[in-house]
Amino acid sequence: MPDAAGIRDEQSPRRRLETTTVFEGHIWDVVSESFTLTDDGEAITREFIRHPGAVAVLVLDDQDRVLLLRQYRHPVRMALWEIPAGLLDEEGEDFVDAAARELAEEADLTASQWHVLIDLFLSPGSSSEALRVYLARGVGAVAAADLHTRTHEEAEISLAWVDLDAAVTAVLEGRIHSPSAAAAILALKVSRERDFIDLRPATAPWPEHPSQHASWSHGAVIED
């Protein structure tokens, strides 16, 4: 058994036989892939969502409060307390720039300090979605002339500043269900207790993001 220092997720590509797009959507596709676990193994087929990835932002202010936003999510028919987040669907956009854009669009805020808080696969059994959550501090307001007009579900967004410890309690009591919010809040609690020494720079490599794997490109049919 590896010791704690050896616990690390790692790339483990297996030989792909065929990739077929089952459904092509506006944002993500459903694909069917056949692969083998060993060179001479049986063919296995799995269907999953091919996702462009996303970024999210946990904002911490000078009063040790985090910013949560409430938004309706139709697939689960619930209004969830979440953190600002969005898709990485603009080709070539820097990850931190995308996070700053989402913070401005969903919360009308800017931030002067950015660090990587946590990296996640949100549902690795059914989606390739990779999510990077940033910790943002040094909060300011977006200039009135630059305010974003929110539409559809985003038009209903409401914001709340919540004490970090109270947010942790809400997660542990099952009152917050968003995986990005729950993971970020708990990670920040631990990071704060360690005086933030484990935070990574905002420009830290992110090899798990789909853009780092040409074979994950939109609509591709690949044989490895």
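The values are calculated or read from the model by the stated rules, or taken from the named source; none is laboratory data. Since we're looking at a predicted model, the values are computed, not measured. Don't worry about glycine lacking a Cβ; one is built from the backbone with ideal geometry, like all the others, and counts go over all protein chains shown. Each accessible area value is taken on the protein alone, full model and side chains, heavy atoms only, with ligands, DNA and RNA left out. Shrake-Rupley method; radii C 1.70, N 1.55, O 1.52, S 1.80 Å.
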Do any residues in the range 111-129 that are modelled with pLDDT of 95 or more have Cβ atoms under 9 Å from those of residues that are part of a strand (DSSP E or B) and aromatic (Phe, Trp, Tyr), where the two are at least six apart or on different chains, and which pairs are they?
ALA111/TYR134; TRP114/TYR134; HIS115/TYR134; VAL116/TYR134; LEU117/TYR134
Residue that is nearest to the chain's Cα centre (by Cα) [pool: residues in the range 162-196 that are outside any helix (DSSP H, G or I) and surrounded by 12 or more Cβ atoms within 10 Å (Cβ to Cβ)]
SER178
Residue set VAL139, VAL133; condition farther than 30 Å from SER12 by Cα, modelled with pLDDT of 90 or more and in contact with a strand residue (DSSP E or B) (Cβ under 9 Å, 6 or more places away or on another chain); output residue VAL139
Only one of (1) exposed (fewer than 11 other Cβ atoms within 10 Å of the Cβ); (2) touching a strand residue (DSSP E or B) at 6+ places or on another chain (Cβ under 7 Å) is not met by VAL31, so which one is it?
(1)
Pairs, please: C-beta under 6 Å, at least 6 apart or cross-chain, first residue within 17 Å of ALA56 (Cα to Cα) and in the range 136-150, second open to solvent by 80 Å² or more (accessible area, probe 1.4 Å) and at pLDDT 80 or above?
ARG137/GLN113; GLY138/SER112; GLY138/GLN113
Can you tell me which residue in the range 113-150 is surrounded by the fewest Cβ atoms within 10 Å (Cβ to Cβ), limited to those that are assigned to a helix (DSSP H, G or I) and small (Gly, Ala, Ser)?
ALA145
Given the structure, is ARG46 surrounded by fewer than 14 Cβ atoms within 10 Å (Cβ to Cβ) and touching a residue at least 12 places away in the same chain (Cβ under 8 Å)?
yes
Looking only at the range 76-110, how many residues end up being touching a residue at least 60 places away in the same chain (Cβ under 8 Å), surrounded by 16 or more Cβ atoms within 10 Å (Cβ to Cβ) and in a loop (DSSP other than H, G, I, E, B)?
2
